Amino acid sequence: MRASTDPRAATADRYRQFAEVEARGMSACYEAWASGVADDPATVALIDRLPGPKRQPNLVFSASRFHGAPVSDYEAFAAWLAAHWAEVEATCLTHATQTNEPGRCAVLLPALAAIPGPLALIEVGASAGLCLHLDRYSYRYTAGDGNGAVRMVHPADGPSPVLLDCRATGPVPIPDRLPNVVWRAGIDLNPLDVNDDADVAWLDALIWPEHADRRARLRAAVEVARAGPVEIVRGDLNEEIEALVARAPAGATVVVFHTAVLAYLDEEATRRFAATMGRLPVRWLSNEAQKVVPAVIERMRTAPADSTDFVLALDAEPIAFTQPHGRRLHWLAPSLATGSLTTGRV
Ligand SMILES: C[S@@+](CC[C@H](N)C(=O)[O-])C[C@H]1O[C@@H](n2cnc3c(N)ncnc32)[C@H](O)[C@@H]1O
């Protein structure tokens, strides 16, 4: 668990780690706010009124943005927070960090498209389910540093209003077409509803201030999702997965996938989920931070790095490193990559 999300870590340490590791290079505003909090005992004391799990920087900042905190320097934010603490506190207590990032579909797609279909998709930790619509989005993969060859992939009925950009390095098996998805469903402790404006406003507030491209993409993806409703079962992934897999249609390859979810589980729950994936007749596609899934760590050729990059793994076999919001994908050696895509369970 990262210090910023570790409820036992001191609040100042959580905010400093968030500033230096997560926000740096991603959000100048959140980096300034978080390092300001870390050095400001008055604001730390305010945040310490929350229970440990709710002191998370991403939650406090998102709740602040939800209530209208403007992008500003730290001094202005500290004054705003002190004046609006009651609203921010109430929102922190009733909401959770459930960022739903359709951009992550760009790193899932090459793996999914190489699995023999038709596919039945189950996403655990689906939030509002935006990643379950990955066959309804368009993709633009650019090789190398962003100046290389460009490959577009569109839905069968033409370009989607949601265009996902991804820089691709290594031997990425970019598909010619999107997979044939015949059934889809999700599980979440607290499903968000794309038809509920308050839920969509919360999803918007979870996007970091400078990420205008992600905000526009969220709005477009919500429209796509509204046009094709998907069931998201409310409950714990370990409790609900077996029953949901049993509901998938016969003749389809069931793929259970998750991105940015297992970090919320303790190690025992993560091991239980991995064991379930090994036992059920499914393919298991995992996209999580490098130190999160023991079954994947055991198969990594190098020790997990401190980098914020996720590792994409199919049936626990690492196949790529991915930028956490899906902006970048680095495919591993072809022997690793292609061997595990089509041969079934490891
Ligand atoms: C950071 S969000 C990621 C959402 C989505 N996978 C994405 O990448 O856009 C993590 C989600 O996992 C859900 N979650 C966390 N623990 C869970 C559990 N034990 N069972 C089901 N869902 C869980 C949370 O409610 C939240 O919606």
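Brief remarks on what is shown
- Relative contact order of the chain, defined on C-alpha pairs under 8 angstrom at six or more residues apart (%): 17 percent
- ³J(HN,Hα), Karplus 6.51/-1.76/1.60, whole Hz, each residue of region 108-114, x for Gly, Pro: 7, 4, x, 5, 5, 5, 8
- If you wrap the chain in the convex hull of its Cα atoms and look at it from every side, the mean projected area works out to 16.5 nm².
- Cα-only radius of gyration and Dmax that characterise region 171-314, units Å: 16.8, 45
- Counting every C-alpha pair in region 55-197, the share spaced more than 18 angstrom apart comes to 65%.
- Rolling a 1.4 Å probe over the protein heavy atoms of region 93-243, with every protein chain left in place, gives an accessible area that is 50 percent carbon and sulfur.
- Average accessible area per residue (Å²) across region 57-165 - probe 1.4 Å, nucleic acids and ligands excluded: 34 Å²
- Each residue of region 320-325 was assigned a 3J(HN,Hα) from its phi angle through the Karplus expression (A = 6.51, B = -1.76, C = 1.60, θ = phi - 60°), giving 6, 9, 9, 5, x, 9 Hz with x at Gly and Pro.
- Contact order relative to length of region 96-215, as percent, for alpha carbon pairs under 8 angstrom and 6 or more apart: 34 percent
- Computed [θ] at 222 nm, helices only, for the chain once each DSSP H run of length n ≥ 4 contributes -39500 (n - 2.57): -10500 deg cm²/dmol
- Simple rule: put +1 on each Lys or Arg Cβ and -1 on each Asp or Glu Cβ in region 1-141, find the dipole, and look at PRO51, TYR141, PRO70; the Cα lying farthest toward the positive end is TYR141.
- Rounded to whole numbers, the Karplus 3J(HN,Hα) couplings from phi for region 217-225 are 5, 4, 4, 5, 5, 4, 5, 4, 5 Hz, using 6.51 cos²θ - 1.76 cosθ + 1.60 with θ = phi - 60°, and x at Gly and Pro.
- With eigenvalues of the C-alpha gyration tensor scaled by 5 and rooted, region 216-284, Å: 25, 18, 11
- Assigned charges on the beta-carbon of Lys, Arg, Asp, Glu; region 197-315 dipole about Cα centre (debye): 400 debye
The values are calculated or read from the model by the stated rules, or taken from the named source; none is laboratory data. These numbers come from a predicted model, not from an experiment. So basically every Cβ, Gly included, is an ideal-geometry build from the backbone, and we count neighbours across all protein chains shown. The protein model used for the area step is the full one, side chains on, heavy atoms only, and it has no ligands, DNA or RNA in it. Shrake-Rupley method; radii C 1.70, N 1.55, O 1.52, S 1.80 Å.
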